[in-house]
Every structure is written in structure tokens, then in C-alpha cells.
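Quick notes on the structure that follows.
Read the figures in this text as sums done on the coordinates, not as results from a lab. Keep in mind that what you see is a predicted model, and the values were worked out from it rather than measured. Cβ coordinates were reconstructed from backbone atoms using ideal geometry, including for glycine residues, and neighbour counts include every protein chain displayed.
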Amino acid sequence: MLPLTRLRAAFAKPLLPVVFFFTGVTYDTITLTRIDRLLDNLILLFYLSLLGLLIILTGRADLAGAGAAGGPLAWLARARPYYPHAIQFLLGGLFSAYAIFYSQSASLTGTAVFFAVLVAFLVANELFKDRLSNLRLLVGLYALVCFSFFTFFLPVLTGFMNMPVFLIGAALSLAVTLRVVELIYAGAPNRSTRDVVLTGAPAVVLVAVLVGFYFLHWIPPVPLSMKFAGVYHTIERIDGRYRLSFEEGAWYQFWKRSDDPFHGPGPAYGFTAVFAPVALHTTIIHHWQYRSSGRSDRNFVTTDRIPMTIAGGREDGYRGYTMKSRLDPGEWRVDVETNDGRVIGRIGFHVVEAREEPGRLETIER
């Protein structure tokens with residue numbers, strides 16, 4: 001069998017796309033190190049530009065095939081079968097990168113909703129590649145990947161992370177997508193306003209829904225991400241390093257790195273390391289909450305909301321802590337939040353009665 005024939009036969013095997021899918025995700029996981037890395041952002045911007053161009057060519061090829069774009073563009077129709085493969089590759093690269101970046105900021109709260117949407121589209125891109133010839137679907141997907149990019153890129157670029165910056169990113173995403181739609185129909189002799197509106201409508205609806213996600217606190221607080229967190233009995237800072245002390249666990253609890261359960265009334269120290277890009281300075285909140293095991297409603301009650309100003313640039317995150325002087329027995333958690341209430345991460349632990357003899361303390365450094 002000729003080498004070219006063997007290659008085609010290999011690509012025809014059903015499991016090969018799955019292998020490429022997981023290989024690509026693994027490669028992105030290893031190579032995408034920081035959300036503010038210039039090279040990574042330039043690659044994503046190149047993917048977005050090339051994807052927009054291919055969507056324009058796809059739309060114009062459809063017009064050429066229908067005879068609406070005239071003879072000079074007939075070559076677009078001939079190249080049309082190759083566009084979905086290139087589009088699938090670019091969408092896969094973008095969704096894979098976004099899933100990695102957003103997973104670092106998403107917590108097991110409402111912010112996981114948008115992350116779940118990205119993962120769903122990442123998987124769907126592999127399963128439903130035959131549908132990537134639908135122009136309206138492509139426009140909607142392009143709006144989503146643009147939105148996902150500008151949501152974290154503008155805070156990285158400007159050093160500000162607030163509602164105006166988010167809304168500018170949403171508007172920019174919509175403007176870029178609608179410009180792609182306009183270029184699809186530019187110069188078409190049988191151009192219909194109705195066709196243009198219907199093609200761009202999915203983008204408008206999608207961006208409006210995602211803006212609603214933001215106000216529901218369902219968008220992860222990218223580019224912030226939790227690098228480390230825990231609750232401790234004592235904290236000391238010596239020579240630029242934090243020494244964190246917690247009660248030693250049982251012999252089999254080799255993973256234990258903080259106090260859970262926490263024995264005694266306190267004081268307790270909530271320590272976090274939150275990554276932020278170099279230019280970003282913002283405020284985070286340590287939101288201490290308590291739920292008694294004897295309460296019938298089982299709702300957490302806020303006890304303290306302590307702000308902390310952080311600066312970006314440190315690879316392992318900006319370190320800081322807050323203290324609670326006395327804790328009642330029951331369930332406790334410390335939500336690490338942005339100023340607008342989006343959860344970056346959560347420390348959950350139980351408080352129980354103090355031991356008659358204090359446990360031996362173990363120390364780690366951060």
C-alpha cells in the first residue's frame with residue numbers, strides 16, 4: 001500500500017479523531033502557562049482572525065455556489081469542502097485554550113456555568129463537525145469565541161477588571177462578529193437585508209445572553225485564579241515567605257495541607273494566593289460564612305466580609321490572609337470573591353470542639 005493511501009486509511013479510522021482531540025487538549029494544558037503571556041494571546045488572536053476569514057470565505061462560497069456572487073468568485077465554491085476541516089481545527093484550538101484558562105478561575109459555584117458551556121462546545125466541535133457548514137451556527141460560534149477572548153484579554157491589556165471593561169469587551173465581540181457578517185454579503189448583487197439580519201441574529205442573541213450571565217455572576221472572574229488556599233492555626237512571615245501551621249493529620253492523610261477539621265474556637269487564619277496579570281491591581285474579598293449543624297434551614301450566614309488589595313505578576317499568586325478571632329462549632333467557608341461578588345475560590349472546613357491535648361502542628365511554606 002502506498003504511503004499516501006496508508007495515511008488516508010489511518011485518518012479514516014473512527015478512533016483517530018478522539019486521539020487527536022485529547023492530544024491537542026493535553027498539549028494546550030502543558031504549553032498554556034499564563035493567561036497574560038504575550039505569545040499565547042497573539043496565537044489566540046491569530047486563530048480568531050483566521051477563523052473570521054474562513055467564515056467569510058464559507059459564506060461567500062455559498063453565495064458563489066448559488067450564483068449570487070458572480071463568476072469571478074467561483075473558485076470559492078470549489079474550495080468549499082476544505083473549509084469545515086480548517087474551521088474545526090481553529091475552533092478546537094480556541095475552545096481548548098479557553099477551557100484551560102477559564103477552569104483556573106471557575107469554582108464549584110455559579111461561575112462553573114460558563115465554563116461548562118465552553119467544555120460542551122469543545123466536545124461538540126469534535127462530535128458535530130459535519131454541521132460546521134451552517135453559516136448561522138458559525139456566526140454564533142464566532143461570537144462566543146470572540147466574547148471568551150475579550151473577556152480576559154481586555155483586563156490583561158488595560159489593568160482594570162470591572163463592569164465597564166466587561167461591557168466594552170462584549171460590544172467589541174459583537175462588533176467584530178457583525179463586521180464578519182457584513183463582509184460575507186459585501187458586493188453580492190442579490191444581497192437581501194433580511195438575509196444579513198438573520199445571519200447576524202444568533203450573534204446578537206448570544207452576546208445578550210452572555211451579558212446576562214455576567215450580571216448573574218455566572219462568568220468566571222478571569223483573569224484572576226486561585227493558586228492556593230487553606231485555613232491555619234498560625235501564620236508567620238519570615239524573609240518573604242509565609243509559614244503556615246496546621247494540626248497534623250492521621251498517618252494516612254498524606255494530602256492534608258490545612259486545618260479541616262479545625263479544633264477549638266480559634267483564632268483561625270484564612271490564607272490565599274490569587275494570581276493576577278502583571279498590570280492588574282484589584283480588590284478581592286474574604287467572605288467568611290457560617291452554618292450551624294443544628295440549624296433547620298441549613299443556610300450559610302455571613303459573619304465577615306474583609307477586603308484585600310492584590311497586585312499582579314507573581315507566578316504563584318499574590319499571598320495574603322485574614323483572621324477570624326472566634327469560631328463556633330459547625331460548618332464554615334471562606335469565599336474568595338471579586339468586588340462584584342463573583343467567586344474565585346472557596347475554602348470549606350468544619351470547626352469542632354478543642355481537643356483536651358492540642359494536636360501536633362505541622363508547618364509548610366508559601
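Measure off 7 Å from each Cα along the Cα-to-Cβ vector at R191 and F46, then give the distance between these two points in nanometres to one decimal. According to this spin-label approximation, the distance is 3.2 nm.
Modelled spin-label separation between W255 and A354, with each label point placed 7 Å from Cα along the Cα-to-Cβ direction: 3.1 nm.
Extending 7 Å from Cα along the Cβ direction at R305 and again at R241 yields two label points whose distance is 3.7 nm. Along the Cα-to-Cβ line of L361, 7 Å from the Cα, sits a label point; which residues in the range 291-331 have backbone N less than 19 Å from it? Counting backbone N atoms under 19 Å from the label point, the list is 320-327. Under 5 Å between amide hydrogens, built in the peptide plane, is the criterion, and for K227 it picks out A273, V274, F275 among residues at least 5 positions away or on other chains. Taking amide H positions as modeled 1.01 Å from N, with prolines and chain starts lacking one, the residues under 5 Å from T234 and 5 or more places away or on another chain are S245.
Could you tell me which of rounded, prolate or oblate describes the range 225-365, using a ≥ b ≥ c as the square roots of the eigenvalues of the alpha-carbon gyration tensor, with rounded for a/c under 1.5 and, failing that, prolate when a/b is larger than b/c and oblate otherwise? Verdict is oblate for the range 225-365. For the range 149-194 versus the range 201-274, the inter-centroid distance based on Cα atoms is 33 Å.
If you take the Cα atoms of the range 187-290, find Rg, then find the Kirkwood Rh from the mean of 1/r over all pairs, what is Rg/Rh? Looking at the range 187-290, the ratio lands at 1.29.
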